[in-house]
Amino acid sequence: ARKPLPDERTKNSTLCRSVQSMADFAALRTELSALVGQADPGVDAKSVAQSILDRWAAAGGSPDDVLVTITTAAYGATWPAKKKTGGAEAPPGFKFVPFEWLQRFTTAVFRGIGVPEDQAAVCTDVLMESDRRGIDSHGIGRLKPIYYDRIKDGILNPVTKMDIVKETETTAVVDANLGMGLYAGPKCMEMAIAKAKKNGLGMVVVRNSTHYGIAGYYTLQAARAGCIGITGTNARPSIAPTHGVEPMLGTNPLTIGLPTDEEFPFVIDCATSVTQRGKIEMWGREHRPTPPGCVISRDGKILFLTRCRDKYLHGKDRAIH
């Protein structure tokens, strides 16, 4: 279970990262990997780990990286605290954007491309929840390539018309008619919660839907309602099977959330692949090379991509692990 994010992540601002020195960052990752991999790191392990974490944070590294999590747990090192200033100040080359502004902007974009006002508000909330939680791979960064462009290209419908194909006391099959997955998802989870409250179990399957953002949004819905929530979805082939090189599987997230006796629920939200394609797109937007092993070519070579265009990141001649 995760406690609420640190203050700097939960204030009404989000950080638009600038380009960092990738050579330095790669070297830090190598240092951290070597430290974690040592059987006997020695008596100075904590100070060494702290030094690396300090430099990691200064280079723009994420506190959610698995290596950081292992280091803090194993060696007692801590993520560097944000220095107190008279107000929120962005480091040189960084810029803070208020969440309120982002929310208004995102809703206006959805409205501008034909999404009804009530549906646009729900879609925006799903994207904003991702950014508020520091999941930059599935937030506003996907507004244009995943939603705006697909509506403009006629791939998904801006108006979501939901038809109940079949329904029982505990189950339902809903057709979203290629509408906004960001709207169909919350509404179908509401339906599942209502059925569970009444009958002990609720399961809703949605067909002809589209990308529905972070899966964790929906299990949080259930947990906040006092229910155990499970959600999952399929995705287009982009993942190479174990020991394979051809993209054959989707990232296919499977997410679970449940209430706890703490101030926060337990939620695990992850893809069934090693790397989410959203993270690769995020690294591309930031002109950061993908870490070793995330993307491979058809001949098994490790690729270090720095472009964010979908057709370049996910061509038939490369796959995600």
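When restricted to residues that are out of contact with any strand residue (DSSP E or B) (no Cβ under 6 Å at 6 or more places or on another chain) and either touching a residue at least 60 places away in the same chain (Cβ under 8 Å) or of a type in the set (S, T, Y) (or both), segment 216-229 contains 1.
If you go through segment 256-283 and keep only what is among the aliphatic types (A, V, I, L, M), open to solvent by 70 Å² or more (accessible area, probe 1.4 Å) and either in a loop (DSSP other than H, G, I, E, B) or under 15 Å from A235 (Cα atoms) (or both), you end up with just V274. Restricting segment 224-244 to residues that are in contact with a Leu (Cβ under 9 Å, 6 or more places away or on another chain) and closer than 16 Å to K198 by Cα leaves a set whose member that is least open to solvent (accessible area, probe 1.4 Å) is G229. No other residue among A49, A73, A59, A77 is within 25 Å of the chain's Cα centre (by Cα), farther than 30 Å from M189 by Cβ, modelled with pLDDT under 85 and surrounded by 14 or more Cβ atoms within 10 Å (Cβ to Cβ) apart from A59. Taken together, the criteria exclude A215 from residues that are closer than 23 Å to D149 by Cβ and either touching a His at 6+ places or on another chain (Cβ under 7 Å) or open to solvent by 20 Å² or more (accessible area, probe 1.4 Å) (or both). Filtered by the rule that a residue be closer than 17 Å to Y183 by Cα and small (G, A, S), segment 202-235 gives S209, G213, A215, G216, A222, G232. Checked against the criterion of being within 17 Å of the chain's Cα centre (by Cα), without any contact (Cβ under 8 Å) to a residue 60 or more places away in the chain and under 19 Å from I280 (Cβ atoms), the candidates G232, G250, G257, G213 yield just one match: G250.
Inspection of segment 35-45 finds no residue satisfying the criterion of being modelled with pLDDT of 80 or more and surrounded by 11 or more Cβ atoms within 10 Å (Cβ to Cβ). Looking only at residues in segment 245-255 that are hydrophobic (A, V, I, L, M, F, W, C) and more than 24 Å from A222 (Cβ to Cβ), the one that is surrounded by the most Cβ atoms within 10 Å (Cβ to Cβ) is L249.
In segment 305-318 there is no residue matching the filter, namely being open to solvent by less than 50 Å² (accessible area, probe 1.4 Å), part of a loop (DSSP other than H, G, I, E, B) and modelled with pLDDT of 80 or more.
The values are calculated or read from the model by the stated rules, or taken from the named source; none is laboratory data. Please read all numbers here as calculations on a predicted model, not as lab measurements. Counting neighbours? That spans all protein chains shown, and the Cβs are built from the backbone with ideal geometry, glycine included. Only protein heavy atoms, including side chains, enter the accessible area calculation; ligands, DNA and RNA are left aside. Shrake-Rupley method; radii C 1.70, N 1.55, O 1.52, S 1.80 Å.
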